[in-house]
Amino acid sequence: MKISFKWLKRYLDLPLTPDELAAKLTMAGLEVEAVERSGSVPEGVVTAKILSREKHANSDHLSVCKVDKGDEVLQIVCGAPNCDAGNVVPLATIGTVFPDGDGTFTIKKGKLRGVESFGMMCSARELGLGNDHDGLMILPPETKLGIPMNDLLDPDVVYDCSVTPNRPDWLSHFGVARDLAALLDSEIRENPLALPEAMDNVPEDPALVSVEAPDLCPLYAARVVQGIRVGESPDWMKQALLSAGIRPISNLVDITNYVMMETGVPLHAFDIRNLKGGKIVVRRARPGESIVALDGKKYDLTQDNLCICDEEKPVAIAGVMGGEYSGIQNDTETVVLESAFFDPDSIRLTSRKLGLATDASYRYERGVDREAVLAAGRRALSLILELAGGNYTVRCVAEAPKPEPRKITADFNRIRALLGMDVDDARIVRILGKLGFRKETAENVFTVPSWRIYDAMGEADLAEEVARIYGLDKLPDVHIRAMTADYGLDAFKVLEGLRADLTKCGLDEIVCGSLIDEKSATADGIFEPGDLLRLNNPISLELAIPRPSLLPGMLATVKRNAARRCCDLAFFELGHVFCANPAKFPEERDELVIAMTGRRHPERFSAESREVLDFYDLKGVLETLMDLRRVKSFSFESAEDPRFVKGVCAVLKIAGRQAGVFGKFVPALTRGFKLQTPVFGAVIQLENLLSAPERSILYQPVSQFPVTARDVAFLAPRDLENKAVLDFIRNAHVPNLESVELFDVFEDESLGAGKKSMAYSLVFRAADRTLTDEEVNQAHERLRGKLEKGLGVELR
Amino acid sequence: MLLEELLQNLNGIRTDALAALQSAKTDAEIEDVKNRTLGRSGAVTALREVMAKIPPESKREAGMAFNETKNAIQNALNEARERNASATEAAEAIDVTLPGRRPAAGRLHPLTKTIQECCAIFRRMGFVAVTGPELEDVWHNFDALNAPLNHPSRDPQDTFYMPDGRLLRTQTSAVQIRTMTGMKPPVRIISPGRCYRRDTPDATHGVHFHQIEGLYVDTSVSLADLKSTLMTFAGEYFGREVAVRMRPSFFPFTEPSVECDFSCVMCGGKGCGVCKNSGWLEIAGAGMVNPKVLENVGYDPREVCGFAFGFGLERLAMLKHRIGDLRLFSDNDIRFLHQF
């Protein structure tokens, strides 16, 4: 919405600079997004007369002039062809600041080819007053010298305002002025909606208008003016319309637009010749009807669309746009002026369905002041009679019963408490009164003005008005009251802890988008197309599926980084994923995905720098994670999964329940990755991880006695798992065996096919005494025997 | 005779030992000399037996010579050891500018960092961070929040819908509705999380974004409390004095509604490119919870009231770290991630 400073000044005194007013409006809730100045020049440009002109000694095109700026004669070097003695011109004196692109440029005392110059004489274009750049702007010879150029001009400032949807009354200059009167605590000088009703004293012709859909059009007024002359509008009106961003067309059309911009009530003028039967019917469109609107396009109408029709056909889409053939022509003599109130929802629907939004529909759908409709018509009527002549002959007003005005009871103490502001009763009443909320009785009951019924529903709305006008800048600083919070509710804290643990494991967090395409969503062999949720209105097929897993985003991230030659990666992501198949997963859940590839220690040197991450690095991360999270019981088992290479894949079980699966990604998932190293990854169901029983921390006494160490090494079948050996040893209940650790495993041709060598170190210790060699040897020997028999291994 | 022999022996041992120590290059050579001379079965030690046989009149002379020899060898030994130690040290010298072996340490995504920083600040003010589903129903996302039926945000043009009419939440206020529905006031919560809007992705828009919304409902909560809360937040988050300005605005969820501006964190309010020379940055939408919303969750608006606010986390992170393009957050380039 464009609001002109000059236009506003018609309705009230504005003892503010345009910048001050912009700040005032913004702070009152009408945000000024941009300020455009027209017809003004920078401060410091004054009128001056060229007294003499001489050729510059060192230049073909420059002249050296003596210029009189009233109180002083200055030497100015000038390149314009018309800097002749006797011309009165605009002169930018030293210190004048011109806008220059995004910055500014300042006129300084300078030397041009060795000759001093004390300012700059300007062309119209240099001053932003037109396009003429052929020479200096020449002012009338009788112009007083040394006066600011702005005094000769009639500058305006136009505010580009963003109007919140609750304030349709701000969609007009008078509406803004009315609010300003409250804000500045001043009076409206001229009210365009207060013309005497007496001027409307013409015969009523009920046959002129018939409203067949009073639910959608509770008020319709038609006024007929005969003998008008269509022509150009006067300059003041053209300028006003231009400042509001509207192109002037002809006096009749301009008047309707002007009054809309002035009062917020859209108006329409028909040429009576184009109304078949000379009458207006307001009705819903009939099936099959269509209209060619003023924009030249044909619109097919339905029953939802309210239309202004003549006897036969629609001549306008009510509240949206007139028909191409029904409007004002150059030879129009008799005009029917429409001012009406239409149902906001109906107009919104029509505008949306037809894809046609206009200044009129914008106002109607947000809510026009019904009480202003007749008055705005009168305002237009008076302008027509003044600017286009003619006789007002007949009218017809069709109106459904009016709703009762809304009344709001206010508790001033509660308003003060809600705002935390100390505004006294009298001030509250005064502020509300200025805004049109009338208090008629001793009780604090306020009648909502007709232009605020779309917004003001209850006490809180009155509180807002008080705060707005009293000034939010007067809110006091208060201490924040302490309150004990129930951090048991704090679900986010748990996730923060998990994220911290993951970073301790050396993983970097990534955050990917939630919407992906179907192909990536089903690439992992886990999700079928039927398992996917789908958006009804995706923006594109690439962003159509709420991700069923974080894996596609993770793999894409690895691929993208690798393509940029960042190949040493260890990532995790934690986020929501979605599934439409309850047999597989809940609809929405949290997932954790990890991926690792590249070198183990990219920042190190020599041999270490060449070590490449393998399965056990990933497994180690999971083990550390389990440890950091104090997961009470977890285990790893080899597994098969379509996402991972067979034999290099395992599941993580927590308390016997599968919590995740990990391994080396199958080539199909990493095809095309610019990587020399394999990619390992894990997919973990967060629910199972977070609900894991926690190991409590209970101090175990530390033994003061020395340890005795023994090794055991054997040849085992290749497929004997470490876990099987450890489980076997644990179940052997070896006395005083404190710990068992694998310290070597290798395969070698010399060992024979299908064999591997495994070596474990055993640590023996008792809590209460030093063990004798004999005891330990005995236990050790017994274990060796059991291993040989029980696992079928060859002791070495 | 015996004395002479002893003195000669001592002399010979001393000469040999000193020569050997002179040329000794390694610890082993030095220790070898020590073992051969002063050691338990060394030559000097062995001469103790001879000493016993020396006649009493020569004992003094013999003793002195014996001690002299022992001391001379000991001194030479010490010298040799010292000499060798400094030589070994020189050989041990390393290039201390080679890179250290860093323990692996991962980093949080800048958005997560921002969320966590915000949560930490609000937690200190007594707020609890709650979460909720991203797939929401119309009631929690719009109806309960008093969004009018014709509100543009409900339009399929702006919001992602599922075939069954549910939607991807457009703000995290939905979580506030869920929380209020489940508990009695006082409620002091923040809801950080991901939201969705049907925008075509570019430098400042994405189909998803993150926000934090705050809510405080109690028997007496005021607009002034809201301002102070946000001022405290602003100062702590940006680590400097930040002025907070409130302007009237409109949101269906709140009444009165305000737009909260922070004084520009780049220029301190003097005006710069980031604040478009206004000195202010639009940060949060806020206000006093609309009585209808309180009614919708079963609270009595005559008994309780509250404030609510919400702001975008990407914008906050972008301001703090001077990030110019929103897409960097979901690009996850490791060179970007490692800067935080």
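The values are calculated or read from the model by the stated rules, or taken from the named source; none is laboratory data. Because the structure is predicted, anything quoted here is derived from the model rather than measured. Note: ideal-geometry Cβ built from the backbone for every residue, glycine included; neighbour counts use all protein chains shown. The area values use the complete protein model at the heavy-atom level, side chains included, leaving out ligands, DNA and RNA. Shrake-Rupley method; radii C 1.70, N 1.55, O 1.52, S 1.80 Å.
Once both labels are positioned 7 Å from their Cα atoms along Cα-to-Cβ, the gap between A:A655 and A:K55 label points is 10.2 nm. Under the convention that each Lys and Arg Cβ holds +1 and each Asp and Glu Cβ holds -1, the size of the dipole of the stretch A:197-399 around its Cα centre is about 400 debye. Whole-Hz Karplus values for the stretch A:671-677 come out as 4, x, 6, 7, 10, 9, 10 Hz, taken residue by residue from phi with 6.51 cos²θ - 1.76 cosθ + 1.60 and θ = phi - 60°; glycine and proline positions read x. Applying a DSSP loop filter and a limit of 16 other Cβ atoms within 10 Å to the trypsin sites (Lys or Arg not before Pro) in the stretch B:233-340 leaves B:R240, B:K270, B:K276, B:R302, B:R322, B:R327.
For the stretch A:491-690, what class follows from the C-alpha gyration tensor (a ≥ b ≥ c being the square roots of its eigenvalues): rounded when a/c is under 1.5, otherwise prolate if a/b is larger than b/c, else oblate?
Working: a/c = 1.61, a/b = 1.21, b/c = 1.33.
In terms of gyration-tensor shape, oblate.
Computed from protein heavy atoms with a 1.4 Å probe, the total accessible area buried between B and A is close to 7100 Å². Rounded to whole numbers, the Karplus 3J(HN,Hα) couplings from phi for the stretch B:71-84 are 5, 4, 5, 4, 4, 5, 4, 4, 4, 4, 4, 4, 4, 5 Hz, using 6.51 cos²θ - 1.76 cosθ + 1.60 with θ = phi - 60°, and x at Gly and Pro. For A:H61, A:H268, the ranking by accessible surface with the largest value first comes to A:H61, A:H268, using a 1.4 Å probe. Under the convention that each Lys and Arg Cβ holds +1 and each Asp and Glu Cβ holds -1, the size of the dipole of the protein assembly as shown around its Cα centre is about 1760 debye. Sorting A:H479, B:H109, A:H780, B:H151 on solvent-accessible area from highest to lowest, probe radius 1.4 Å, gives A:H479, B:H151, A:H780, B:H109. For B:R198, the amide hydrogen comes within under 5 Å of the amide hydrogens of B:T159, B:F160, counting only partners 5 or more places away or on other chains and with H modelled in the peptide plane. Contact-buried residues of the stretch A:518-539, at a threshold of 30 Å² lost accessible area versus the chain by itself: A:R534, A:L535, A:N536, A:N537, A:I539 (1.4 Å probe; DNA, RNA and ligands ignored). Each residue of the stretch B:183-191 is assigned a 3J(HN,Hα), and the resulting list reads 8, 8, x, x, 10, 9, 10, 10, 10 Hz, derived from the Karplus form 6.51 cos²θ - 1.76 cosθ + 1.60 (θ = phi - 60°), x at Gly and Pro. The Cα-based radius of gyration and maximum Cα-Cα distance (Dmax) for the stretch B:152-266 are 16.3, 48 Å.
Excluding ligands, DNA and RNA, the accessible surface per residue across the stretch A:149-295 is 39 Å² with a 1.4 Å probe. Once the 1.4 Å probe is applied to the protein heavy atoms, chain B comes out at 46 Å² accessible per residue.
Only sites in a loop by DSSP and with at most 16 other Cβ atoms within 10 Å count here; which trypsin sites (Lys or Arg not before Pro) in the stretch A:53-114 make the cut?
Values: sites: A:R53, A:K55, A:K66, A:K69, A:K108, A:K109, A:K111, A:R113; in loops: A:K69, A:K108, A:K109, A:R113.
Of the trypsin sites (Lys or Arg not before Pro), the ones in loops of the stretch A:53-114 whose Cβ has at most 16 other Cβ atoms within 10 Å are A:K108, A:K109, A:R113.
First check a/c for chain B, with a ≥ b ≥ c the square roots of the eigenvalues of its C-alpha gyration tensor; if it is under 1.5, answer rounded, and if not, answer prolate when a/b is larger than b/c or oblate otherwise. In terms of gyration-tensor shape, prolate. Our summary gives the stretch A:407-474 a relative contact order of 43 percent, counting only alpha carbon pairs under 8 angstrom and 6 or more residues apart.
Would you compute, from DSSP H runs of 4+ residues alone, the mean residue ellipticity of the protein assembly as shown at 222 nm, taking -39500 (n - 2.57) per run and dividing by the full residue count, rounded to the nearest 500?
Working: 33 runs with 352 residues, N = 1136.
Helices in the protein assembly as shown give a 222 nm mean residue ellipticity of -9500 deg cm²/dmol.
Comparing the full protein assembly with the isolated chain (1.4 Å probe, heavy atoms, ligands and nucleic acids excluded), the residues of the stretch A:548-577 losing at least 30 square angstrom of accessible area are A:R560, A:N561, A:R564, A:C566, A:H576.
Measure off, as a whole percent, the carbon and sulfur share of the 1.4 Å-probe accessible area of the stretch B:2-92, all protein chains present. Before the final figure, lay out the partial values.
Values: 2940 of 5970 Å².
So the carbon and sulfur contribution to the accessible surface is 49 percent.
Based on C-alpha pairs under 8 angstrom that are at least 6 apart in sequence, chain B has a relative contact order of 14 percent.
Here the spin labels are modelled as points 7 Å beyond Cα on the Cα-Cβ line, and at A:A767 and A:I697 they lie 2.1 nm apart. A 1.4 Å probe run over the protein chains yields, for the stretch A:491-690, 41 Å² of accessible area per residue, whole-number rounding.
Loop only per DSSP, at most 11 neighbouring Cβ atoms within 10 Å: give me the chymotrypsin sites (Phe, Trp or Tyr not before Pro) in the stretch A:635-740, ordered by residue number. Please report the intermediate quantities before stating the final value.
Details: sites: A:F636, A:F644, A:F662, A:F665, A:F673, A:F680, A:Y699, A:F714, A:F728; in loops: A:F673, A:Y699.
Hits after loop and neighbour filter: A:Y699.
Residues whose amide H lies under 5 Å from that of B:R107, counting only those 5 or more places away or on a different chain, are A:D508, A:E509; hydrogens are built 1.01 Å from N in the peptide plane. With 20 Å² as the minimum drop in accessible area between chain alone and full protein complex (1.4 Å probe), the qualifying residues in the stretch B:73-112 are B:L98, B:P99, B:R101, B:R102, B:A104, B:G106, B:R107, B:L108, B:H109, B:T112. Just going by the charge dipole of the stretch B:2-92, with Lys and Arg at +1 and Asp and Glu at -1 on Cβ, which of B:A28, B:A52, B:A62 is farthest out on the positive end? Final value for the positive-end residue is B:A52.
Roughly to the nearest percent, how much of the accessible area of the stretch B:101-234 is carbon and sulfur, given a 1.4 Å probe? Taking all protein chains in place, the stretch B:101-234 shows 54 percent carbon and sulfur surface.
Looking at the square roots a ≥ b ≥ c of the eigenvalues of the Cα gyration tensor of the protein assembly as shown, which shape do they give, rounded for a/c under 1.5, prolate if a/b is larger than b/c, or oblate? In terms of gyration-tensor shape, prolate. For chain A, with all protein chains in place and a probe radius of 1.4 Å, 50% of the accessible heavy-atom surface sits on carbon or sulfur.
Give me the Å³ per residue figure for the convex hull around the C-alpha atoms of the stretch A:407-474.
77
Summary of the geometry: the stretch A:1-60 and the stretch A:107-147, compared by the centres of their Cα atoms, lie 18 Å apart.
One Cα centroid belongs to the stretch A:721-796, the other to the stretch A:233-283; the line between them spans 100 Å.
Computed with every protein chain present, the accessible area of A:S117 is close to 10 Å² [probe 1.4 Å]. Note on chain B: dipole from Cβ charges, positive end direction compared against B:L111, B:C195, B:M183; the farthest Cα belongs to B:M183. Surface calculation, 1.4 Å probe, protein heavy atoms: A:W7 sits at approximately 0 Å² accessible. Averaging Cα coordinates gives a centre for the stretch B:133-205 and one for the stretch A:449-509; these two points are 16 Å apart. For the set A:Y299, A:Y454, A:Y159, the ranking by accessible area, highest first and with no ligand, DNA or RNA atoms included, is A:Y454, A:Y299, A:Y159 under a 1.4 Å probe.
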